[in-house]
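**Student:** Quick one: the structure is below, questions incoming.
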Amino acid sequence: MAYKRLGDVLIDAGLITQDQLQHALASQKETKRRLGDELIAEGIISELGLIEALQMQLGVEYVDLTKGDLDPELSRVLSRTVARQYNVVPVRVTPDEVHLAMSDPLNFVAIEAVRSATRKRVIPMVSTKDSIQRAIMTLYGNEGAARAIEEMKRDARNAEATTATFQTATLGEGEDTASAPTVRLVNSIIERAVTERASDVHLEPREEDLHVRMRIDGMLRTILTVPKNLQNSVIARLKVMGSMNTSERRVPQDGRANVRIKKQDVDLRINTMPTIHGESVVIRLLDKDESLLDTKGIGLYGTNLEKYEKLIRANNGMILIVGPTGSGKSSTMSTMINGLNDDAVNVITLEDPVEYNIDGVNQCQINEKVGMTFANGLRAILRQDPDIIAVGEIRDGETAQIAMRAAITGHLVLSTIHTFDAISTIDRLVDIGVEPYLIASGVRGIVSQRLVRTVCPHCRTEYAPDADECAELGLPYDPTLRFFKGTGCPMCFNTGYRGRTGVFEILMLSRAVRGLILDGASHEEIQDAMQSSDDFQSMAASCVDLVLRGVTTSEEARRTLMAIE
């Protein structure tokens, strides 16, 4: 391939101007990014646009790494270290040539490094950066896991070697030098989860093996299986990481660990549960990217954003965030705390566990074994001169009563509670023993939320919905109406979805609603009053609005609405 600079290629293709190139080159000196990454980061070109230009101008072949699996033997052609360093992956090999998938086929340093490592002529091919990273993780991760499993099988026959499998190791670069195959296997599973942007990892004992599944964008996918005779070693390693009792297998246990992957700290919450086939383990991976902890990051906009901002401007009262497990409540609460954090106020939190470390906030960890419960901690916090109190979760009437009294005595209280929707929260508070007059005078607003998958921006296409599809969303049929969906591409691994966003229902307690609560009105009466209010947007209406804005699909909205109904 003849030498040609990327900037010249893109100008020849008509994708950028000379001025845009000069601006990107100037910015590149600050950011130290490669030119293609800089142009994409600044929104001058898209990654798919860059790929098309490279195909047209250089005659480089495009390879879709999401279709089909790479031959595991390719992991022997090029080392994992070189593949990760230059973000390249071999896709085909002959006695004299290696076909190499690259996000930047003009990276001649990478080409030369691969040529030296393989002693073969390199044929560059172009693919997306994300799909290459995933292919590297799949190719070398599966190969590493398979090798670790084989070593574990051999070590299982040797007591001394089995003991060695519980040595401590850290995640990240150089983990192949770890002496224990169990450590390498667990490390590869966790690293794969981070690469796949998984929120949870499930290790589920079955009758014949141990299944490893990952929850990616809300959906569970099986990643690999581990032989049954190695199950206890893997679970014991996770218990060691979480500082749990490795000899106790009869009761559930909770643990926590912090690991470093790709120069990023990742927090793990580990839970074990006895089952008939052994202990099941679920690992929750906490994304500590603080850029997500703002209103845009959690998905607030329009009327709901206005109501949210009005709520957090209050200097007293209670704001409740409600929804099922995994609906993003903790992220919303952390966003609120981030927005309220100021040198002029004293912000104290009670959490189980502390998830996001926020500078300037006094964060307290619940420890029920020594009597540090939500109720006891809340009593102590009230003697710490707080302005704002955040209670991780209201689990009982005692905590609810103390928090509500704090809210009516001049404190702003934030908390979460597991309820079905905003109005059901009132029923739940009454059910656990909170007096209606405390609810009416203490609660300022209730934020109910769910998470929906968002349409992949790279393969997003519009289409005209038919009458049935409109009716399912409660919309009148309009032939000019346009919905959006993802057709599937390498950037979203052919799912049509990339990422998730929040869908909200915010109930502001007006004077009329407070009166109904004081009078002991039924759920239906309060609901009717809210539905007639001009500024109330139900969860269903919020879902439909996301479809109309092209953020999510009608299928995803219907799935969410069915769960709500």
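The values are calculated or read from the model by the stated rules, or taken from the named source; none is laboratory data. Being a predicted model, the structure only gives us computed values, none of them experimental. Methodologically, a virtual Cβ is constructed for each residue, glycine included, from the backbone with ideal geometry; neighbour enumeration extends over all protein chains shown. The accessibility values were calculated without ligands, DNA or RNA, using every heavy atom of the protein model including side chains. Shrake-Rupley method; radii C 1.70, N 1.55, O 1.52, S 1.80 Å.
**Student:** How far is the Cα center of segment 360-425 from the Cα center of segment 508-545, in Å?
**Tutor:** 25 Å
**Student:** Count the net charge of all other residues whose Cβ sits under 14 Å from the Cβ of Glu279, scoring Lys and Arg as +1 and Asp and Glu as -1.
**Tutor:** Surrounding charge for Glu279 is +3.
**Student:** May I ask you to evaluate 6.51 cos²θ - 1.76 cosθ + 1.60, the Karplus curve with θ = phi - 60°, for each residue of segment 495-506 and list the ³J(HN,Hα) values in order in whole Hz, giving x for glycine and proline?
**Tutor:** Values per residue, Gly and Pro as x: 9, x, 10, 9, x, 9, 9, x, 10, 10, 9, 10 Hz.
**Student:** As a test of reading the structure, rank Met56, Met102 by solvent-accessible area (1.4 Å probe, protein chains only), most first. Don't jump to the answer; show the numbers that get you there.
**Tutor:** Numbers: Met56 160, Met102 5 Å².
Largest accessible area first, the list is Met56, Met102.
**Student:** Can I ask one more? As a test of reading the structure, rank Arg559, Arg250 by solvent-accessible area (1.4 Å probe, protein chains only), most first. Write out the running numbers ahead of the final one.
**Tutor:** Details: Arg559 110, Arg250 190 Å².
Of Arg559, Arg250, the descending order of accessible area is Arg250, Arg559.
**Student:** With contacts defined as alpha carbon pairs under 8 Å and 6 or more residues apart, what's the relative contact order of the chain in percent? Don't jump to the answer; show the numbers that get you there.
**Tutor:** Numbers: 976 pairs, mean separation 50.5, N = 565.
This gives 9 percent for the chain.
**Student:** So which aspartates and glutamates pass the test for Lys120, namely a Cα distance under 20 Å, with those fewer than 8 places away in the same chain ruled out?
**Tutor:** Straight-distance partners of Lys120: Glu61, Asp71, Glu73, Asp96, Glu97, Asp104, Glu112.
**Student:** Let me ask another. Under 5 Å between amide H atoms, partner at least 5 residues away or on a different chain: which partners does His411 have, H built in plane at 1.01 Å?
**Tutor:** Gly317
**Student:** Sticking with this structure for a sec: What accessible surface, in Å², does a 1.4 Å probe find on His277, ignoring ligands, DNA and RNA and rounding to the nearest 10?
**Tutor:** 70 Å²
**Student:** Strictly under 4.7 angstrom between C-beta atoms: which cysteines of the chain have no such partner?
**Tutor:** If one checks each Cβ against the other cysteines of the chain, Cys364, Cys470, Cys543 turn up with nothing under 4.7 Å.
**Student:** I'd like the Karplus ³J(HN,Hα) series for segment 238-252: coefficients 6.51, -1.76, 1.60, θ = phi - 60°, whole numbers in Hz, and an x wherever there's a Gly or Pro.
**Tutor:** Calculated HN-Hα couplings, in order: 5, 5, 4, 4, x, 6, 9, 7, 6, 8, 8, 10, 9, 10, x Hz.
**Student:** Can you give the accessible area of Tyr356 in Å² (nearest 10), computed on protein heavy atoms with a 1.4 Å probe?
**Tutor:** Here the accessible area works out near 20 Å².
**Student:** How much space per residue, in cubic angstrom, does the convex hull of the C-alpha atoms of the chain take up?
**Tutor:** In the chain, the Cα hull volume divided by residue count equals 193 Å³.
**Student:** If you don't mind, another one. Multiply the residue separation of His23 and Arg559 by 0.36 nm, subtract the distance between their alpha-carbon atoms, and state the gained length in nm to one decimal.
**Tutor:** 188.5 nm
**Student:** Arrange the residues His411, His418 by how much accessible surface each exposes, largest first, with a 1.4 angstrom probe. It would help to have the intermediate numbers written out before the result.
**Tutor:** Numbers: His411 30, His418 85 Å².
So the residues, ranked largest to smallest area, are His418, His411.
**Student:** How much of the DSSP bridge set in segment 285-426 is antiparallel, in percent, rounded to the nearest 5?
**Tutor:** Bridges in segment 285-426 that DSSP calls antiparallel: roughly 5 percent.
**Student:** DSSP loop trypsin sites (Lys or Arg not before Pro) in segment 3-79 with at most 16 other Cβ atoms within 10 Å of their Cβ, which ones? Please list the in-between numbers first.
**Tutor:** Numbers: sites: Lys4, Arg5, Lys29, Lys32, Arg33, Arg34, Lys67, Arg76; in loops: Lys4, Arg5, Lys32, Arg33, Arg34, Lys67.
In loop regions of segment 3-79 (DSSP not H, G, I, E or B), the sparsely surrounded trypsin sites (Lys or Arg not before Pro) are Lys4, Arg5, Lys32, Arg33, Arg34, Lys67.
**Student:** Stokes-Einstein at 37 °C, 0.692 mPa s, Kirkwood radius from Cα pairs: D for segment 272-393 in µm² s⁻¹? Write out the running numbers ahead of the final one.
**Tutor:** Details: Rh = 16.2 Å.
Estimated via Stokes-Einstein, D reaches 203 µm²/s.
**Student:** Please report, as a whole percent, how much of the solvent-accessible surface of the chain comes from carbon and sulfur atoms (probe radius 1.4 Å).
**Tutor:** Working: 12640 of 26690 Å².
Whole-percent figure for carbon plus sulfur exposure: 47.
**Student:** Set Lys and Arg Cβ to +1 and Asp and Glu Cβ to -1, take the dipole of segment 41-81 about its Cα centre, and tell me which of Leu65, Ile51, Ser75 lies farthest positive.
**Tutor:** Going by the charge dipole, the pick is Ser75.
**Student:** Taking 1 over the mean of 1/r across every pair of different Cα atoms in segment 479-565, what Kirkwood radius in Å do you get? Please list the in-between numbers first.
**Tutor:** On the way: mean 1/r = 0.0650 Å⁻¹.
Kirkwood hydrodynamic radius for segment 479-565: 15.4 Å.
**Student:** Using +1 on the beta carbon of Lys and Arg, -1 on that of Asp and Glu, and nothing else charged, what's the dipole of the chain about the Cα centre, debye to 20?
**Tutor:** For the chain, the charge dipole is close to 1700 debye.
**Student:** Provide, for segment 203-341, the number of lysine pairs with alpha carbons under 19 Å apart, each pair being eight or more places apart or on different chains.
**Tutor:** 10
**Student:** Could you name the aspartates and glutamates in cross-link range of Lys485, using Cα to Cα under 19 Å and dropping any fewer than eight places away on the same chain?
**Tutor:** Excluding near neighbours in sequence, the set is Asp217, Glu462, Asp466, Asp468, Glu469, Glu472, Asp545, Glu555, Glu556.
**Student:** If you take the charge dipole of segment 277-347 about its Cα centre, with +1 on Lys and Arg Cβ and -1 on Asp and Glu Cβ, which of Val345, Ile283, Gly328 is farthest toward its positive end?
**Tutor:** The Cα lying farthest towards the positive end belongs to Gly328.
**Student:** Which value in nm describes the separation of the simple spin-label points at Asp359 and Asn494, placed 7 Å from the Cα toward the beta carbon?
**Tutor:** Modelled inter-label distance: 4.5 nm.
**Student:** Step through the residues of segment 544-552 one at a time and calculate ³J(HN,Hα) from phi using the Karplus curve (6.51 cos²θ - 1.76 cosθ + 1.60, θ = phi - 60°), rounding each to whole Hz and writing x for Gly and Pro.
**Tutor:** Computed from phi, the couplings for segment 544-552 are 4, 4, 5, 5, 5, 7, x, 6, 9 Hz.
**Student:** Counting DSSP beta bridges with both partners in the chain, what percentage is antiparallel, nearest 5?
**Tutor:** Working: 57 of 88 bridges.
Roughly 65 percent of the DSSP beta bridges within the chain come out antiparallel.
**Student:** Now for a different question. Would you check the accessible area of Lys310, probe 1.4 Å, heavy atoms only, in square angstrom rounded to 10?
**Tutor:** 130 Å²
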